[in-house]
Amino acid sequence: MNMTFKEINFDPKVQQALETLGFAEPTEIQKRAIPVLLEKRGQDFHGQAQTGTGKTLAFGLPLVHRIDVNNKATQALVVAPTRELAVQICESITPFARAMGISMKAIYGGASMEEQIRALKKGVQIVVGTPGRVNDHLRRGVMKRDQLETLVLDEADIMLDMGFKEEVEEIIKFSRKEREIWLFSATVKPGIRAIMNDHMKNTTSVSVSKQQVSTSAVKQYYCIVPSKARLSALCRFIETAPEFYGFIFCQTKLLTAEVADALRRRSYHVGCLHGDMSQDQRNAVIKKFKNREYSVVVATDVAARGLDIQDLTHVINFSLPEDHESYVHRTGRTGRAGKDGIAITFINKHDVRTLSMIQRKFHITVEPIVVPSREDIIAKRMGQASDYLTQFIAAAQTSTHPSVARLVEQFNETQLHTLVTRFIQEKFLDSVDKEDESVFTSSSSSAGASNSDRQEIMFAVGTDDGLDRDEIVEFLVTTASLDKEKLQKIRVLNRRTFIEVAPDMAAAIVEATRGASLAGRPLRAQFVEDTQMRDSRGGGFGGRRSHGGGGRRSSGGGRRSFGGGRNESRRGSGSFGGNGGGRKPEFRKDAQRSDFSWRG
């Protein structure tokens, strides 16, 4: 039987506010966190849950019960990574704080410092703020710590990723030793563990599993699209959707701005969010998006962090995120509140293995989808043309100026037919993109049963280590729990072994054998890609390039960085790198920046 909010021992005023706002059943993180935070005093808390799981009320509802309404001093401080999230937290908790007679205020950069100082001096019982602005007030002595009982760090892993480690440390050290820390994060990275080990005690931890985060309300798809064709593919998906209202996620600020500009040139109502924008600019974009003046917003992950936009129909990833957790954050923005949503990710064929890892890690299914054809777009536009003409004819039943009637009488039926035909062509069809269909179909078909759907792996062991084919097969069957019959294409050389399997199986093998050894030697499993001729005597094979475990470096994992830092071929992470084989680059690297930009 599902738990309801009525079963939780809230103050009657809070219960009434919940009913008024239509809250009936708590989310999973709320079920597990609220009872602990309500009942256990003098203990710290860590809640691990993804974006969109209801974390704000998970700490917000217990927090209002901790406040002494007769004491006007600051008793709780909530720290969030972005201005938008700080405002969102304040807006979400305010109805319950108001019901209890508690004062709240959001403080963040870009807003009036003087107004914030006046409010803090007057007395704010719950302060919600960003790390930088909170520290500004601490250094000025405006915010007092003597009665601070609870410190909440929301999206703490994101704060650390954004470079706020020192600010967070300052805030923690500023707070009283007797205070409680409630820490919420989507991941438990080393920085989070350091905070827990160094500053938290008697910590109760709860975690919402990845299976619970992944919602069946989101239909998830991937589409193999070449870099140069992604704008056209994006436009086709937007146009053929019955009603598109969503985010387009890009990896860099520069790419975000360029994609937004390209969409504007194609007459889409689009906004843009990235870290170089002022707060006023961001607020204007968010307001227009919420009011549906924009149907599309192109954004970076960080810029969109903390935004709670209702009823999004789509999320489109212009490229596969580098961080697996980011994929969940992005796709989780649609399909909320029991409504359906669609998430589409553009990838290249080398991303298939990474996508397979994401599916296994989060227990989700991401299905292939084909880019809509020109005929699909034309069919939709003809429907729009029919509706337009029907409405136009209905409106024409009203009185017409005599001069218009005289003008029409000058043309015969054939000429009028030609006129209407030309009007429809110019208004509805001339702007349909003329991208060569083969650029989509050839890429999509590469995900099929062709040779492109095979992935080769290289191991750093061979006959010189006293191994033969059967021994290697037996090791893989045992270690990676594989079907022996699917391990057919194996070549054992002196110092290297090459195995060709399906991409998802390749990813499973690399994951299962990471850090393993055979015949006393580390395996160092590496993906092999047809990108560049190499000297076979140097350890390569057949002119292939190998990426250690997906091209990232990890401690003790045998995964190797390849190609020299951020200038490497970034096949596993995006749409704009890796122009091997002597092909003309479709993207350029800005001379003043480390991010890549897409040529519109």
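Residues of region 255-271 that are crowded, with 18+ Cβ neighbours inside 10 Å and in contact (Cβ under 8 Å) with a residue 60 or more places away in the chain: 255, 258, 259, 262. Looking at 315, 298, 302, which one is surrounded by 19 or more Cβ atoms within 10 Å (Cβ to Cβ), within 23 Å of residue 55 (Cα to Cα) and either basic (Lys, Arg) or in the same structural domain as residue 235 (by TED's automatic domain parsing) (or both)? Among 315, 298, 302, only 315 is surrounded by 19 or more Cβ atoms within 10 Å (Cβ to Cβ), within 23 Å of residue 55 (Cα to Cα) and either basic (Lys, Arg) or in the same structural domain as residue 235 (by TED's automatic domain parsing) (or both).
Exactly one residue among 24, 73 is in contact with a helix residue (DSSP H, G or I) (Cβ under 8 Å, 6 or more places away or on another chain) and either modelled with pLDDT of 95 or more or not hydroxyl-bearing (Ser, Thr, Tyr) (or both), and that residue is 24. Note on region 207-218: residues that are modelled with pLDDT of 85 or more and surrounded by fewer than 18 Cβ atoms within 10 Å (Cβ to Cβ) total 1.
Restricting 111, 49, 86 to residues that are of a type in the set (Gly, Ala, Ser) and either more than 30 Å from residue 301 (Cβ to Cβ) or surrounded by fewer than 20 Cβ atoms within 10 Å (Cβ to Cβ) (or both) narrows the list to 111. Number of residues in region 480-522 that are in contact with a helix residue (DSSP H, G or I) (Cβ under 9 Å, 6 or more places away or on another chain) and either in a strand (DSSP E or B) or at pLDDT below 80 (or both): the value is 26.
Do we find a residue being of a type in the set (S, T, N, Q), out of contact with any Phe, Trp or Tyr (no Cβ under 8 Å at 6 or more places or on another chain) and part of a helix (DSSP H, G or I) anywhere in region 33-45? No, the conditions are met nowhere in region 33-45. Cβ separations smaller than 8 Å between residues 6+ apart or across chains give the following pairs from region 474-490 residues that are under 14 Å from residue 510 (Cβ atoms) to residues that are crowded, with 17+ Cβ neighbours inside 10 Å and of a type in the set (Gly, Ala, Ser): 480/508; 482/508.
The values are calculated or read from the model by the stated rules, or taken from the named source; none is laboratory data. Treat the numbers as computed from the prediction; the structure is a model and nothing was measured. With ideal geometry, Cβ positions are generated from the backbone for all residues, glycine too; neighbour counts draw on all protein chains shown.
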